[in-house]
Structures are given as C-alpha cells and as structure tokens.
Amino acid sequence: MTDTFVIAGRTFQSRLIIGTGKYRTNEQMLDAFTRSGADMITVAVRRVNITDRSQPSLLDFIDLKKFAILPNTAGCYTAEDAIRTARLAREVGLSDWVKVEVIGDQTTLFPDNEATLEATRVLVKEGFTVLPYFSDDLIMAKKLIDAGAAAVMPLAAPIGSGLGIQNPNNLRIMREQITAVPIIVDAGVGTASDACFAMELGIDGILMNTAIAEAEDPGAMADAMKLAVQAGRTAYLAGRMPKRLYASASSPLTGLIK
C-alpha cells in the first residue's frame, strides 16, 4: 500500500513534525530529532538569532540538509506581527514555508482565528506556503483552505498542556469534510497514546514539542511518538472492527462439529 504524506506537492517520509523549544540541552534536542524520524522541524522565528549569523544560533545545531525547516510565528499577537515575522524568515533565507500562529489570549494561549485567517490571506498572496494553527473549528478550517492554506493545523488542547485530544468528534467531522489539504494536529499531545489516537481518527500528521522536550527522557519519548504515529496511521488505514453492545464469540457456534 502506498501511503504518502504530501504538503503543497512536497512528500515527507514522516508524519511527525517536531519543535525546538524547551529542551534542557542541545544534545537532548538533537537526540530527539534523530530518534523521532521526523524530517520537518519547526522553529520560532522570534526566538532564534536568524539575522546575525556571526553569533550563536539554534540553527547551528540543525542539519539543514537533513531536515526541512518550518518557521513559525510564535509570540505574535496580531496579523501584522505574524506577516512581518514570516517576511523576515524568508528574507534571511530560512524558508518561504510558514506556520502561522497568532495568539489571542495571553492566559490560555488560544489562537486568534480571525487574525490567523487575515495573515494567511496576505501571505498566500505573497507566495508563501502557509500552514495555519487554529482552534478545532470546521468552519474556520474551510475558510483557511479557501484562503489558500496548504494544510490546516487544529489544536488538540491548549499549547503545552499535554491534555491529549479534547474534542475527538470535531476532528472526526473535520476529517470527514476536508480532503483538499492535510490535517495536522498541533498542540496538546502529551504522550504516545494521544498521538496514536489522533492518527486513528484519520489525521494526516502531528506537530508536537512539549510532549517530547519535557519528558524525563526526550529521546525515548521521541522513539515512542514515532512508533505511535506509525501505529495509529496503520490502524486507521486497516479499518477497525465495529463496536458492539454485546459479546461476539471469537469462535462462532456455527460450523462446530457435534
């Protein structure tokens, strides 16, 4: 069975995308990158040195020949800030791909969906490949796709909460109605069972950071997440058995020799 993960015409080997924040050491981060099997890494443009390459930078620790970089606009609270940040990333040669993230509330860190939509429209017109992060709202997902988003990235739970999939029915409905672009769960995954469950719902990929970076052993958790994503995707494609209210014998009585 051929099962490819394609975003904007580009094929990726792994359905797991991981971030670069919160690791205790750069060595742990690099170990997690390798063990995760990911081939795309997201980097917060506003939190790394991308303008003065004579000074140390997080990018010094990433093999840019091995990993695709997905700049993100974390830390932006307006559409204008997100647009400016994406432009900066492209101007310094980082990428013309961008994960658009516009925060609407400082306490919950929930996204501002309308500002995200506004930024998406502008950046798509400027030639960016835009992957917007937003609340798990079907209608907003459709608006983002109409605006030209290359994928949609609904949250599973608040950023960094590790609560897992809070609204599986929203994701199921989204999966049923959205086929034009990939759906990538972003934010809220806490452990391997969360990742597996999301993939079993038919989600195309998962972006995570805290679940790996804040684990006691980030490398081991990266291993677990890799396997969970693979297992969940395979289970989805296999098609689970129907749920039944009553028991159904593994060895039916029909055909038994008397």
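The values are calculated or read from the model by the stated rules, or taken from the named source; none is laboratory data. Model, not experiment: these values are computed from the prediction. Methodologically, a virtual Cβ is constructed for each residue, glycine included, from the backbone with ideal geometry; neighbour enumeration extends over all protein chains shown. Ligands, DNA and RNA are excluded from the accessible area calculation, which covers all protein heavy atoms including side chains. Shrake-Rupley method; radii C 1.70, N 1.55, O 1.52, S 1.80 Å.
S57 versus (1) open to solvent by less than 20 Å² (accessible area, probe 1.4 Å); (2) touching a strand residue (DSSP E or B) at 6+ places or on another chain (Cβ under 8 Å): which is the lone unmet condition?
(2)
Scan segment 228-252 and report the pairs whose first residue is surrounded by 10 or more Cβ atoms within 10 Å (Cβ to Cβ) and whose second residue is among the basic types (K, R) and not in a helix (DSSP H, G or I), with Cβ atoms within less than 7 Å and a gap of 6+ or a chain change.
So the pair list comes out as V229/R15; R233/R15.
From the residues in segment 105-131 that are farther than 16 Å from A74 by Cβ and of a type in the set (D, E, K, R), which one is least open to solvent (accessible area, probe 1.4 Å)?
In this case the residue turns out to be E126.
Assuming S36 fulfils every condition listed in (1) among the hydroxyl-bearing types (S, T, Y); (2) open to solvent by 70 Å² or more (accessible area, probe 1.4 Å); (3) under 26 Å from G202 (Cα atoms) apart from one, which condition is it?
(2)
From D217, D194, which residue is farther than 16 Å from F5 by Cα, in contact with a helix residue (DSSP H, G or I) (Cβ under 9 Å, 6 or more places away or on another chain) and surrounded by fewer than 18 Cβ atoms within 10 Å (Cβ to Cβ)?
None of the other options fit; the residue is D217.
Taking the conditions exactly as written (touching a residue at least 40 places away in the same chain (Cβ under 8 Å) and either open to solvent by 40 Å² or more (accessible area, probe 1.4 Å) or within 13 Å of the chain's Cα centre (by Cα) (or both)), does D186 satisfy them or not?
For D186, the condition - touching a residue at least 40 places away in the same chain (Cβ under 8 Å) and either open to solvent by 40 Å² or more (accessible area, probe 1.4 Å) or within 13 Å of the chain's Cα centre (by Cα) (or both) - is met.
Just to verify a result, which residue in segment 61-91, among those that are modelled with pLDDT under 95 and open to solvent by 90 Å² or more (accessible area, probe 1.4 Å), is farthest from A32 (Cα to Cα)?
E91
Mind listing whichever residues of segment 137-149 are in contact with a Pro (Cβ under 8 Å, 6 or more places away or on another chain) and open to solvent by less than 40 Å² (accessible area, probe 1.4 Å)?
Scanning segment 137-149 gives A141, L144, A149.
Return the pair list, or none, for Cβ contacts closer than 6 Å from residues in segment 15-28 that are in contact (Cβ under 8 Å) with a residue 12 or more places away in the chain and over 12 Å from M208 (Cα atoms) to residues that are outside any strand (DSSP E or B) and open to solvent by 20 Å² or more (accessible area, probe 1.4 Å), at least 6 apart or on different chains.
So the pair list comes out as N26/F61.
Could you give me the residue pairs with C-beta distances under 6 Å whose first residue belongs to segment 209-222 and is within 15 Å of G160 (Cα to Cα) and among the hydrophobic types (A, V, I, L, M, F, W, C), whose second residue is in a helix (DSSP H, G or I) and open to solvent by 10 Å² or more (accessible area, probe 1.4 Å) wherever it lies, and which are 6+ apart or on separate chains?
Every condition considered, the pairs that remain are I212/M221; A215/M221.
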